[in-house]
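Worksheet: the structure to be examined is printed underneath.
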Amino acid sequence: MTHHWGYVGAVSAAILFGLSSTFNKIALGEVDPMVVAGLIYLIAGVFLFLVSLSPLHRRILALLETPTRTEPSMASKDYRVLGLVTVSGAVVAPVLFIYGLSQSTAVNASLLLNMESLFTVFIAMVFFRERGMKKDYLGILLLILGAVFITTRGEFQSLTLAREIVGNVLIVSACLFWGVDNNLSKLLSKKRDLPHVVAMKCLLGGGILLLLALLLRADFRVPAISLPYLLSVGAFSIGFSIVLFVFALREIGSMKTGVIYSTSSFFGAAFAFIILREPFTLIQLIAGLIMLLGVYILYKPR
């Protein structure tokens, strides 16, 4: 497996996750947000567990194999890291974001979600001593700027950051926990059986989220029309997307993977335009091309 496949994994993960925003939007019209969050993680865990029992499992392991950098099994310390990753990225962050979104505006939330990339880069540099070349920082800057313009459509006059303070703080806090999740997941990326590791994370996270939804007396009704969207998001936009994301962490590090993953906002906007007929502005198109240029700059040799 070459370094090239790390970039392929990161972009593929972003494409799959970008699809989730469209499908989740359809499902959220009928299902409680907490229930949606819990179900898609639980579905992802069950799906990956079933894959691990099928002949497809061996093929996936062969594709993701990096003999010089993989470890065959989980040690006791790895389960502690898995617990932290699950709590931070699959429980605390989603809950903070859901409640933050309920107390903020969609434009505010879209802009502030880009803090996840900044936190991922900052934590990788400060705590994990990741460094890049000068051209890498240019690529990171282009990716973050592109994400800002895609998610806000350049409508900065609609921002009300000074008013919805509580909601905005909750969203930024969610991004911090996702940034922690992204960096801690790198410690687990060395494991050979990545689908099994991700399955455990998703099963634990989904179970805890559904338990919280039960304690909060959420409405658990799920219409049959919403099931295909929840199943698709769980299996591919969460399950396989996280597997590819963790693989990319192993190959190219947290800093590059985290910012490349922000291209999911571009792919999400494109899918929303194709499937939901939502507006896709010239500003978003230009911003998307800037993000793709950022990915190229990160990828190309010195």
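The values are calculated or read from the model by the stated rules, or taken from the named source; none is laboratory data. As the structure is a computational prediction, the values presented were derived from the model and not from experiment. Cβ sites come from the backbone with ideal geometry, for glycine too, and all protein chains shown count toward neighbours. Accessible surface areas use protein heavy atoms only, side chains included; no ligands, DNA or RNA. Shrake-Rupley method; radii C 1.70, N 1.55, O 1.52, S 1.80 Å.
Here are the numbers for this structure:
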quantity	calculated
Estimated [θ] at 222 nm from DSSP helical runs (n ≥ 4, -39500 (n - 2.57)) normalised by residues in the chain, nearest 500	-23500 deg cm²/dmol
The chain: most fluctuating residue of Gly207, Gly38, Gly154 per GNM, C-alpha cutoff 10 Å	Gly154
Most mobile of Tyr79, Tyr99, Tyr229 in a GNM of the chain (Cα contacts under 10 Å)	Tyr79
Inter-part distance where segment 129-176 and segment 33-98 are each reduced to a Cα centre, Å	26
Under the span-like rule (Cα at least 18 Å along the axis, Kyte-Doolittle mean at least 1.6), DSSP H helices of the chain	33-52, 194-215, 282-299
Matching label, Rg/Rh (Cα atoms, Kirkwood Rh) computed from the structure shown, candidates (1) 1.32; (2) 0.95; (3) 1.11	(2)
Accessible area of segment 39-80 divided out per residue, in Å², using a probe of 1.4 angstrom	66
Long-range amide H partners of Lys191 with built H, under 5 Å	Glu71
Net charge over other residues, Cβ less than 11 angstrom from the Cβ of Ala272 (K, R count +1; D, E count -1)	+1
